[in-house]
Each structure stands twice: as C-alpha cells, then as structure tokens.
Amino acid sequence: MLTPWKPFPGPQTAALESKADILFYGGAAGGGKTDLIIGAAHTQHQKSIIFRREYPQLSAIIARTAEILGEEEKFNKSEMVWRLKNGRVIELGAVQLDGDEKKYQGRPHDLKAFDELAHFSEKQFRTLCGWLRSIDSAQRCRIIAAGNPPTEAQGEWIIRFFAPWLDKAHAHPAKPGELRWFTTLDGKETEVESGEAFTHKGETITPKSRTFIPARVEDNPFYMASGYKATLQALPEPLRAQLLYGDFSADHTDNPYQLIPSDWVEKAMLRWEEGKPDVPLSCIGVDVARGGNDKTVLTLRYGHWFDRQRVYPGKITSRGDAVAQLVLAARGTSHCKVNVDVIGVGASAFDALHRHIGDAAMALNSAQASDIGDHSGQLVFANKRAQWWWKLRESLNPDNEDRIALPPDRELLADLVTPNFMLTIRGILVESKDAIIKRIGRSPDKGDSLVYAHAIVHIPMAGMLDYYAAMALGVRE
C-alpha cells in the first residue's frame, strides 16, 4: 500500500504549514520544491493548478505526481488533469508565450502553483495570481511559487517582489518564513504593517501576506543519499552559488544581445553613495504615464550623478498641466533643460511646459532619425531611441571616465538591463517600448526617464554652448 505523502522535517514542513497568501520556497536546488507543490495540492486543496512555463517541462511533474499518488489515481493526458478519488482536482498548465495566461481567466483554483518561478514574466505571475478563488468559503486559497535564483536579468522582478527576504539592500529585511503584508495604494505596491483591513480613500483594503522560505539540498535526505550535492558542488560559478546555496546576489548570465550589461549598472549604483557633486541641476528627464498601471517618472541629473527618481501614479498625471506642475516644482529656480518624451501622451505635457519655460523644454521623439554615430565612429543608429540608449551604455562602460552614478533601485536596474538590441541595415536598433511591455508585462518607466535625463539634445545651429557645457559636466554624446 502506498505510504501517504508527508513533508520532510524542516523547511518543507514549514512551507506547507505557512500561513502566507503567497509563498516562495526554495532558492537552492534539491530542496524538494516540486514535491511541496504536489503534496500541498494532494493534501490541502480541492482545485489546484501547477504551472510550468512550457508544456514539455510538465513531463517531470506528471511522472513525480504519479509516484506520489500511486497507480490507483489516473491522469487524463488530453485534459492535463488528475481527478482524484477523494474529489480533489490537480490540473497542469503552461504559459509559453506572453498572453497565454489569458487562457486561464475565469477558471477557479484555490491553489495556484508555479514551478521554477524565474522562468515566468512578472505579468504572467501577477495575472494568474489575480484569478485565485474558491466557491467554498471554508477552503483556503493560496499561491505557492518554487524556484532557484534567476540566471538571467529578466528574472530580477522576483528579487523586487520578495525584496524583504532577497534584496540585501532592503531597509527592513525579513527573516525566513516571516510574514509581510502588501497591497496597492494609489497605483503603487505598498508594504503595510499587518493583514488587518483598513479604509483608504473610502475603499476597504485587505492586504495579502508574502514570505520566503529557503531550502537546500541538505534538507532533502533522498538527494543527500544519492550524492546530488557533489554534482552541485562541481558546477561553475555563478551557477554553483545559485543552485548550491540559493544565492540571489550571485551574478546571472546576461543575454548576449542585452544592451547594457548588468554589472555596469550595479557598479554605477555603488558609486552613488559617493554623494552628489557640487554642480547645479543639469537636466530633468520626464517619462509620462500612458495610463493604467504606468507611472510618470522624473529623473533629476546633476552632472554625472542621478538623484532618486520621483514617481507618480498615472491617474494623477493624465493631463499635461498636471505633469508640468510636478516638473516645475522639481526644477525650482534652476534654468536646466527638461527632456520630455513627446510620443503619445507626452505631447501635451511638453506643450504645457513649453508655455512656462520656453525653449528649456526639449521635445524627445524617439522615432526620429539619428544624426550621430557611436563613440568609436564605426556604428550608426537606426533612430534617436537607439542613440540615446547606446549613449547611456557608453557612459556606463567602466572603461571610460564618465563615472555615472545611479540611485540604488532594483526596479531601475531591471529597466536598464531589459532592452535588447540588434544590428540592422539602418544601424543599431534598440527594442521598442511596446515590445518590452509585451515581453515583461509592464512599462519600463524608470529606465526610460533616466535615459531622457542623460540624453543631450542637440538642435542644429543653436545651443552649442549648452551642448558643450553638458559634455563638460561629465555626460557625453
């Protein structure tokens, strides 16, 4: 007779018994992540769904589920569903392409589980979590995510989402298994003191809890007996640190077509602590929200040093005058240039600013043709967007003397390392903002705003003194 599944003592048991609404379990390889998901579905939930990014990846889960459930339980391969004799249902799903998550809309599950969370985009994860529910009021609903540290820059969102546990720079770090509560206030995800419901602007808000419980191969007696630890020890770095120790700070491997290397951004953020230079405000970069969950972001630059960004919910910056007032307040008595993205909703903000500060308001149109080349003189750019992003790349290059200093911010880091590039007949082409939104599920507002603050807008036959003055402050074209 099959022995009922039981969690291993230690982290796996703590994870199964955790009261968190959203649990992230694992970190290192071999800690029993998949077994936890299957076991929770088998013992604690009525309707579960287990996701992998791609359908072929589900084969290992099917095989392991069959081992845990035994031959008496049958799997419907055409429907990808286990319907157990005790009435429980365990469904398997995949969201290979961005947008595939919509296939699961309206289908109630009281457990949504994600195996290898780093393979999913933030948009996919958040969207699928939004449909967690049960018609049985007595049934607990929760999210269980399992996985290792991200090995590519696209997985940085996980460190932001579970920042109190994973981000070493977090101001108020949390202990493993400790509950923290989060909700969205005025369009911004916010950590609150407890899970107690409260009223905000006439709306009753009930926060949701999160936690992270680390596990290593040492917590799995079966893998320890098999010698799996020696296999992990033989891996090259940074995979060894990531999979053996669950180190979320270990360097990941950048996409070969990633425009800005992650290491360059991280070094620039370390330089920020050296302090703001004694120079006047050089420029303000303005990325105007497109609506929805997008944010309007202002980036203030002082020579080579960029201040912490000012972020405003899109719903309060829907009018150009509203954006202009925020910019004017940030600009104060300065005479600095203000670079505004005028594609789409930014046009009205530019017009409003131009009425107040005249030619100090600079219109940035990323679709315009570029009229300069790269620092080596060998490459040209397909458009202004490619030019501005590539020039930031050159300034961040540790081999030059610009010593750009960026504010430490995980979301900004993710935005700056997200765009890819390609070489075309027209020159270097940087991935469009719309393509990035489709790929990662959100708008890279902080990254674009910083690029605009860095950009030096040269108007032919005018402004050459300003142009060279900006270069002298340490930001080169």
In terms of the ratio Rg/(2.2 N^0.38 Å) built on C-alpha atoms, what value belongs to the chain? 1.09
Of Tyr452, Tyr257, Tyr223, which has the most accessible area and how do the rest follow, probe 1.4 Å? Tyr257, Tyr223, Tyr452
If the convex hull is drawn through the Cα atoms of the range 181-229, its volume per residue in Å³: 104
Any chance you could list P(r) for the range 1-96, counting all Cα-Cα pairs in 5 angstrom bins from zero, rounded to whole %? 2, 12, 24, 26, 20, 13, 3, 0
Principal axis extents for the range 117-270, Cα atoms only, whole Å, descending order, please. 56, 43, 28
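What does the accessible area per residue of the chain come to in Å², with a 1.4 Å probe and no ligands, DNA or RNA counted? Numbers along the way, then the final one.
Values: 22360 Å² over 477 residues.
Computed with neighbouring chains in place, this is 47 Å² per residue.
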Using a 1.4 angstrom probe on heavy atoms only, work out the carbon and sulfur share of the accessible area of the chain in %. 53
Quick check: the distance between the Cα centres of the range 145-187 and the range 399-431, to the nearest angstrom? 23
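Divide, for the range 301-450, the radius of gyration over alpha carbons by 2.2 N^0.38 Å, where N is the residue count. Mind showing how you got there, number by number?
Values: Rg = 16.0 Å, N = 150, 2.2 N^0.38 = 14.8 Å.
In units of the 2.2 N^0.38 Å rule of thumb, it is 1.08.
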Heavy-atom accessible area of Cys336 with all protein chains present, probe 1.4 Å, nearest 10 Å²? 10
Percent of Cα-Cα pairs more than 14 Å apart in the range 376-435, please. 62
At q = 0.15, 0.17, 0.20, 0.22 Å⁻¹, base-10 log of I(q)/I(0) for the range 160-208 (Debye sum, equal scatterers on each alpha carbon): -0.44, -0.55, -0.71, -0.82
At 222 nm, what helix-only mean residue ellipticity would the chain give, in deg cm²/dmol to the nearest 500, using -39500 (n - 2.57) for each DSSP H run of four or more? -8500 deg cm²/dmol
What is the ratio of the Cα radius of gyration of the range 87-201 to 2.2 N^0.38 Å, where N is its residue count, to two decimals? 1.17
Computed accessible area, Met224, all protein chains, 1.4 angstrom probe, square angstrom: 80
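The values are calculated or read from the model by the stated rules, or taken from the named source; none is laboratory data. Treat the numbers as computed from the prediction; the structure is a model and nothing was measured. Note: accessible area is taken over every heavy atom of the protein model, side chains too, but ligands, DNA and RNA are not part of it. Shrake-Rupley method; radii C 1.70, N 1.55, O 1.52, S 1.80 Å.
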